[in-house]
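Single-structure report; data block below.
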Amino acid sequence: MSTKLIAPSILAADFANLQRDIDMVNQSEADWFHIDIMDGVFVPNISFGMPVLQAINKHAKKTIDVHLMIVDPDRYIKTFADLGSHVLTVHYEACTHLHRTLQAIKAEGMKAGVALNPHTNVNLLEDTINDIDLVCLMSVNPGFGGQSFIENTYSKVKQLKDLIKRKGVSTQIEIDGGVTNKNVKQLVEAGADILVAGSYVFKSTNQLKTIKDLKALANS
Ligand code: DX5
Ligand code: ZN
């Protein structure tokens, strides 16, 4: 079984001490930086944009995993490649021509991810899964950190894992929203590969230990 990855979500960091929090992730056992870009249209919230990502990228020493919660993401694929994104995830619900979008992301040298809202059925990826490097299953409704985990996610992970096996592809499964030490083990057992954790990491008193423990739990 391959190593399960931990991706702290920078949305929950202290933006007045961003470099400190980025350095913490660099020094930790975390694997990826998860970066949430929200436009106030696709989701009811606005997070941060290009200048902030540029600043993050200057200090981040690990994989940059960008989660676009924006309408018409095709407009910004090249921009996010230029900003140093390694993985670029778009929402299924925001793409009219998903197959074309995935090719465009890969053409810019990034891994192509597709995020599904809690109401979106995984079987809708039947015809594109061969072209997807990563599926991000939203385990909360996107737009805000600190929400409670939606229990139905476990069965979605299993369904998606079955689809991946059936198609013989190596697509990774990422879980985003409400991830804590209470659900990591069960998520991994269902088939999850990457666990995004925002509030659980950044609101804890010992962030390095929280990450270390999550990673150990995910790989136990
Ligand atoms: C929600 C974002 C998540 C969020 C997760 O729309 O996509 O990445 O930062 O935060 P927590 O772990 O606090 O639910
Ligand atoms: Zn996210």
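Read the figures in this text as sums done on the coordinates, not as results from a lab. All figures in this text were calculated on a predicted structure; none of them were measured in a lab. Cβ coordinates were reconstructed from backbone atoms using ideal geometry, including for glycine residues, and neighbour counts include every protein chain displayed.
Here the simple spin-label model places points 7 Å from the Cα toward Cβ, and for Gln186 and Gln27 these points are separated by 3.4 nm. Straight-line cross-link reach from Lys185 at under 19 Å between alpha-carbon atoms covers these lysines, not counting any fewer than eight positions away in the same chain: Lys4, Lys156, Lys158, Lys161, Lys209, Lys212, Lys215. Seen from every direction in turn and averaged, the convex hull around the alpha carbons of segment 28-86 projects onto 4.1 nm².
Using alpha carbons only, how many angstrom separate the centre of segment 67-140 from the centre of segment 27-65? Here the answer is 15 Å between Cα centres. With helices as the sole contributors, the chain gives -9500 deg cm²/dmol at 222 nm; each DSSP H run of n ≥ 4 counts as -39500 (n - 2.57), and the sum is divided by every residue. Rounded to the nearest 0.05, the FRET efficiency derived from the C-beta distance between Lys167 and Met50 at R0 = 30 Å is 0.30.
A Förster radius of 25 Å, combined with the Cβ-Cβ distance separating Ile150 from Thr3, puts the computed FRET efficiency at roughly 0.45. Bridging of Lys203 to aspartates and glutamates at a Cα separation below 14 Å is possible for Asp14, Asp21, once same-chain residues fewer than 8 apart are set aside.
Within the chain, the ratio Rg/Rh, alpha carbon atoms throughout and Rh by Kirkwood, equals 0.93. Taking the DSSP bridge list for the chain and keeping only pairs wholly inside it, about 5 percent are antiparallel.
Summary value for the chain: 22 percent relative contact order, contacts being C-alpha pairs under 8 angstrom separated by 6+ residues.
Extension gain, Leu18 to Asp82: 0.36 nm times the residue separation minus the Cα-Cα distance gives 20.9 nm. Here Lys212 and Asn123 are evaluated by their C-beta separation; at R0 = 35 Å the FRET efficiency comes out at 0.45.
Across the options Leu217, Thr89, Val122, the greatest Cα extent toward the positive end of the charge dipole of segment 5-218 (unit charges at beta carbon of Lys, Arg, Asp, Glu) belongs to Leu217.
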